[in-house]
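Values quoted throughout were computed directly from the atomic coordinates according to the rules given, and no laboratory measurement underlies them. What you see is a predicted model; the values in this text were computed from it and never measured. Note that we place each Cβ from the backbone using ideal geometry, even for glycine, and neighbour counts take in every protein chain shown.
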Amino acid sequence: MMKSGGSYFLKMAEMDLKTATSTMEALVRISSNMKSLEHELHCTVCKDIVKQPVVLPCQHSVCLMCASEVLVANGYPPPDLPPEPNSPASTPNTRSPRQARRPTPKAEQRPIDRVLRAGPHPPSPSMPRSPGYGTYPGRRRKEGPPVVMMFPCIPCGRDVELGERGLADCLRNLTLERIVERYRHTVSLGSVAVMCQFCKPPQALEATKGCADCRTNFCNECFKLYHPWGTPRAQHEHIQPTLNFRPKVLTCPEHDQEKLQFYCRSCQQLLCPLCKLRRIHTGHKILPVAHAYQALKEKITKEMNHILSNQDTVLGQITQLESSITQTEVNGVSAREQLAQSIRDLTAALAERHASLTQALEEARKKRGEVLAAQVAERRGLMEHAGLMAFTQELLKETDQPCFVQAARQTHNRFSKAIENLQHFTLAADPSFRHFQLDVSKELKLLTELNFIQAPLAPVIDTQRTLAYDQLFLCWRLPQDSATAWHFSVEYRRRGVVPGGAGRGGIRGGLSAARWGWQRMDEVSGTSAVIDRLEMDSVYVLRVRGCNKAGYGEYSEEVYLHTPPAPVLNFYLDSRWGLHADRLVVSKEQRCARSVPGLSLLQAADHALTSCHLTSDLLVGDVAITQGRHYWACSVEPGSYLVKVGVGLESKLQEWFHLPQDMASPRYDPDSGHDSGAEDALDSAPPFCFLTMGMGKIYLPQHNNHHHSSHGNGIRDPITNGPSSPTGHTYPLPPRLGVCLDFEKGRVTFYDAHSLRPLWEGHVDCSGPVCPAFCFIGGGALQLQELVANRNADQTPVRRVTIQPRVSN
C-alpha cells in the first residue's frame, strides 16, 4: 500500500511538472511573439513605444506629444492638447519626462463655441447662418488666409498637410493603444501591478477594477465606496485595471460627441452623420463603418494568409538579400582597391610626365645659357684690351702690302659683323621661358569632374521618325550630357492585355495573354530598332534604355504606337499606261509623283482673258486587289493645289484614261460618286472613292446616307466626336494619310496614319479588281510610305509581279 501510494504521488508530481513546463513554454513563446512587435510599436520621432498615438493623413501614427513638439519646432503655435490621463503613470515617481514639457491647456470651451462648431443654426440678426456642418466661426476681414499646417512625416519622406486645425483633425489610434497595452502586459508577464488610486499610501492595495467613466483604478472596497448602489455612478462601465484610459468610442474631432458611423471610400476618411451631409462628399461612395470594417478585415486576412502561405519565398528572398549584402561587402572592397589602383596609375603617369617635361625644360635652359654665354664672350672680345684689338694693332704695323691684304681680310669681316651686331643688338636666346608654361585648365576640369562610371541617361525617342507600318520602327537618341552606351535594350508589350485573360483586343488579346509582359530585344546596336511579327489593329507600348560598363540606365518615356488595321499592301506607281508624261513626273523608284502643269496651263491661257480651265491627271498603283483587307499610306505635300487619294474599279480607271476629260469646274470629279451621276444610281456603290486634299487642308465630305443606313455604320466627326455635318468639314492636312480597303464589304476607310484615327469612311463598287488611285488637279506632289523592311536595304528590291490574277464573273 505504501509503494502504491508513493507511485501515485510520484505520477502526480510528474504531471504537475509537465503542466508547469508546458505553461512556461507557452508563456515564453507568447512573450517572444509579442517582443517581435516592438519594432512596429515605435514612434518615428522619439524612437520609443508610442504614447497616445494619433493617425496622420498619410496613415502613419506618432505620439501626440511628439507631433506637437515637431509642429512647435517648425514655427507653428502650440496646439491644444488633452490632459494627461489620470493614472499611476502620472505620479511624480513614474511620470514621463515629456510631461514637464506639456504646454498649459487652455480653459474649457465655452458653450457658444461648442454651438458654433456643431453645425448650421437658424439665422438671426445677432448670429448669421454658419457656412455648413463642421465649420467654425468665420474670420475677420482683416485677418490673413488660414495657415495650413504641414507635418514632416519621416516614413513618407515628405510634408503631410494637416489642415487649418492641425492635430485637432487627427483621430486617436485606439487600436494601436490596445496593442501596446497587451504588449506591455505580456512582456512583463504581469510583474507590474496597478495600484488603487484612492487608497492611502501606507495601506495602498492592488487595483482590481478600472472605471472607464471616472478614468481611475479602484480596489474592491474603494469601488464600492465611490460607486454606491442606486446612484448614477453605479451605471459606470468597469474594466480591467489599466495605466492608460481611452475613450469608449471614436468621436468626430469637429462635432462633439458624434460617433463615426460612416466611411468615405473616395476620401478614405471616417465620417459622422453631420460630416456625411457636407457638400465636399457629394457623389462619393460612403459606406456604413460596419461594412468597411468587414471588407477591410477580410482583405487583411487574405493578405496575411497569402504571406503566411509563401514563407518559403520570403525565406528565399531573405537568403538572397543576405547573400547580396555579403557580395556588396566583397565588391565594395574590390572597387576600393580598383579605385586606389586607378589613382596610383594616374599618379605614376603624372610623375612620368613631370620627369619628361622637367628634362625638356632643363635641356632648353642649358642650351639658352650656352648661347647667351657665347654672345657675352663675343662682346668681351670687342673691349679695348681684348685679344681682337691687340691683334688688330699688331696687324696694322705690317708694311708689306701683299701680306697685309692677305692677312687683314678676315679681320675686316670680323669687325664688319661686330659693328652690325652693335647697331642691331638682340639676344641670341629668350630668357623668359614663356613657351614652357603648362595649360592644365582642361586637365583640372577633367580631374575635378573625375567620377565613377555612370550608366546612360534615359534615351529620348524621336517621335517624328518612329512609326508603325508593316513593322514597328523605333528611333531614339541619348541626351547631350549622357554617358555613352555600348548597346541598348528595347522592350515592348501589347497594351490592354491582362494576365490570365483576354484584353481589349478581343480574341487576339486572349491569344497573346500568355505573353502579356514586356518582351525584350537585348544588345541592340545603333539608335534604331525594327520590331516585327506584331498583331494588327493593336496598340503597343515601347520603351528603351542604354547599357554600358556601369549597367543599365533609366528607361525612356513610354511611346504608344498603333499598328495598321489590315496587312500593309506594297505597290508602286504604274507608269505603263495612262501616264501624261508632259504633266506628271514619276521618280525612278516609282514611289513619288509630282504634277507640273504650268506650261500647258500657260499655253491654254494665252488664247483667253478669263478661264477656269483645269486638267485632271490620274495615277494608279500597279496592284489590282481582288480579295481581303489591305492598308497603305502616303503623304501629300502641303503646298499642293488639289490632290485626290482613294481607290477605283480598274475597268473604270482604264476607261477614264482612254477618254481624258477637260473639266470646266472642279466639281466634276469621281469623288465618292459626288456630282458623277450618283444621284441616279443610289442602289449601287460608286466606282470611285476619293478624299480631296490641297493647300494644307483635307476635306471630309458629307456621307452617302443611303449606303450608311444599309450597312448600319454611322461615322462620327473625327475632331468633335459628334455627328458629321451634312455639308462636310475641312481640317488641317495630316502628315500621312492611311487608306484601308475591305474588298468583301466594299468599304474604304481613311485614317490619320500617324495616330490611326479614322477620318472618313465611304463605299466603292468591288464587282471587279480595284486599284489604288491618285488624282492631281494643278501642281502637287505625293509620296508613298516606304516599307520599314526596306529602310535598311542597300539597293532597290527586285520588282515582283504586282498585278494579281483577275477573278472571272
### Message
Once R0 is set to 25 Å, what does the formula 1/(1 + (r/R0)^6) return for the Cβ-Cβ distance between Gln454 and Glu523, expressed as a FRET efficiency to the nearest 0.05?
### Response
0.80
### Query
Label Ile300 and Trp486 with points 7 Å out from Cα along Cα→Cβ: what is the distance between them in nm?
4.9
### Query
Which order do peptides 455-463, 391-399 fall in by mean Cβ count within 10 Å, highest first?
455-463, 391-399
### Query
Length gain on complete extension for the stretch Thr282 to Val541, per 0.36 nm per residue less the alpha carbon to alpha carbon distance?
89.5 nm
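For the stretch 262-309, what is the per residue volume of the convex hull drawn over the alpha-carbon atoms, in cubic angstrom? Provide the component values of the computation, followed by the final result.
Numbers: hull volume 3.1 nm³, N = 48.
With only Cα atoms used, the stretch 262-309 gives 64 Å³ per residue.
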### Task
Anything over 25 Å Cα to Cα? Flag those among Lys652/Lys745; Lys51/Lys200; Lys366/Lys445; Lys259/Lys285, in the order listed.
Lys51/Lys200; Lys366/Lys445
### Query
Sorted by mean Cβ packing within 10 Å, highest first, what order do the peptides 448-454, 418-424, 629-635 take?
629-635, 418-424, 448-454
### Task
Please give the FRET efficiency for Gln393 paired with Lys366, using the beta carbon to beta carbon distance and R0 = 35 Å, rounded to the nearest 0.05.
0.45
#### Entry: 12 Å beta-carbon shell around Gly628, net charge (K/R +1, D/E -1)
0
### Footprinting exposure proxy for Leu308, Leu733, Leu561 (fewest neighbouring C-beta atoms within 10 Å first)
Leu308, Leu733, Leu561
### Query
Direction-averaged shadow area of the convex hull around the Cα atoms of the stretch 196-342, nm²?
20.6
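Given a Förster distance of 35 Å, report the FRET efficiency between Lys417 and Val440 from their Cβ-Cβ distance, rounded to the nearest 0.05. Show your work: numbers first, answer last.
Details: r = 44 Å, r/R0 = 1.26.
Result of the calculation: an efficiency of 0.20.
Compute the length gained on full extension between Glu237 and Leu350: take 0.36 nm times their separation in residues and subtract their Cα-Cα distance, giving the result in nm to one decimal.
That works out to 32.2 nm of additional length.
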### Query
Considering only DSSP states other than H, G, I, E and B, which chymotrypsin sites (Phe, Trp or Tyr not before Pro) in the stretch 192-296 qualify as loop sites with at most 10 other Cβ atoms within 10 Å?
Trp229
### Query
Peptides 321-331, 775-785, 150-160: what's the order by average Cβ count within 10 Å, highest mean first?
775-785, 150-160, 321-331
### Summary
From fewest to most C-beta neighbours within 10 Å, the residues Tyr560, Tyr555 line up as Tyr560, Tyr555
### Task
Taking amide H positions as placed in the peptide plane 1.01 Å from N, state which residues far from Tyr263 in sequence (5 or more) or on other chains have amide H under 5 Å from it.
Leu271, Leu287, Val289
### Query
Once amide H atoms are built 1.01 Å from N in the peptide plane, which residues 5 or more positions from Leu584, or in another chain, come under 5 Å H to H?
Val596
## Note on the structure
Taking a crude spin-label model, label points 7 Å out from Cα along the C-beta direction, the Gln359 to Glu554 distance in nm is 4.9
### Query
Quick one: Karplus J couplings for the stretch 199-213, per residue in order, coefficients 6.51, -1.76, 1.60, θ = phi - 60°, nearest Hz, x for Gly and Pro?
6, 6, x, x, 10, 5, 9, 6, 6, 10, 9, x, 9, 6, 7
### Query
So, counting K/R as plus one and D/E as minus one, what does the shell of residues with Cβ under 13 Å around Met195 add up to?
+1
